[in-house]
1. How large are Rg and Dmax for the stretch 38-156 when calculated on the C-alpha trace, in angstrom?
2. Compute the accessible area per residue over the chain, keeping the other protein chains in place, probe 1.4 Å, unit Å².
3. What FRET efficiency comes out for the pair Thr84/Arg131, r = Cβ-Cβ distance, R0 = 35 Å, nearest 0.05?
4. Taking amide H atoms as placed 1.01 Å from N in the peptide plane, list the residues 5 or more away in sequence, or in a different chain, whose amide H sits under 5 Å from that of Lys76.
5. Where the only charges are on Cβ atoms (+1 Lys, Arg; -1 Asp, Glu), what is the dipole of the stretch 1-144 about its Cα centre, to the nearest 20 debye?
6. For the stretch 51-98, what does the alpha-carbon gyration tensor say about shape, rounded, prolate or oblate, given a ≥ b ≥ c as the root eigenvalues, a/c under 1.5 as rounded, and a/b over b/c as prolate?
7. Which ³J(HN,Hα) values, rounded to whole Hz and listed in residue order, are derived for the stretch 111-120 from phi using the Karplus coefficients 6.51, -1.76 and 1.60 in 6.51 cos²θ - 1.76 cosθ + 1.60 with θ = phi - 60°, glycine and proline given as x?
8. Along its principal axes, what span do the Cα atoms of the stretch 95-156 show, with the longest given first and each in whole Å?
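The values are calculated or read from the model by the stated rules, or taken from the named source; none is laboratory data. Keep in mind that this is a model prediction, so the values were computed, not measured. Note that we place each Cβ from the backbone using ideal geometry, even for glycine, and neighbour counts take in every protein chain shown. Protein only, heavy atoms only, side chains kept; ligands, DNA and RNA dropped before computing areas. Shrake-Rupley method; radii C 1.70, N 1.55, O 1.52, S 1.80 Å.
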Amino acid sequence: MSRRRTTAKRDIIPDYKYDSVVVSKFINALMMSGKKSIAQNILYTAIDVLAEKSSKDHLEVFLEVLDNVKPRLEVKSRRVGGATYQVPMDVKPARAQALAIKWLIESAASRSEKTMEDRLAGEFVDAFNLRGGAMKKREDSHKMADANRAFSHYRW
């Protein structure tokens, strides 16, 4: 972490279908080897499958899935007097969104369906119903923060 100055946040262009920056961030995280059109097709297909299973608006359902997976608390290491403590801290909104996106993609990639569209759609449906690999990551993060609540006075 640089002590001199903070990096400038880059402007992300919204995607063409939903005109959403969040969807564009998800596409960028999903993209491999610069193949953006393939990542777009994968995500749009997964959102369509999710929307037809929930009978709500496409973007609204996708944002609800992301909100379900976003962590509220996480632990960070703090070194105090020669000992390292896992101190529970609130997660900033930008980091919570980035973690949710990362967890959804990782848990979808580890599923056993045949195509990435099916894997991502399955993970979206599971996260919408508050289960699945990404939700387990979130719950593990919250359990770790709850277990280390005794060290919360080291927060600064």
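1. Answer for the stretch 38-156, Rg first and Dmax second: 16.7, 55 Å.
2. Numbers: 10040 Å² over 156 residues.
Heavy-atom accessible area per residue stands at 64 Å².
3. On the way: r = 33 Å, r/R0 = 0.95.
That gives a FRET efficiency of 0.60.
4. Val87, Met89
5. Values: 27 positive and 19 negative charges, 233 e Å.
It comes to approximately 1120 debye.
6. Numbers: a/c = 6.55, a/b = 4.50, b/c = 1.45.
Taking the square roots of the gyration eigenvalues as a ≥ b ≥ c, the stretch 51-98 is prolate.
7. 6, 9, 5, 6, 10, 5, 4, 5, 4, 5
8. Ordered largest first, the stretch 95-156 gives principal extents of 47, 19, 17 Å.
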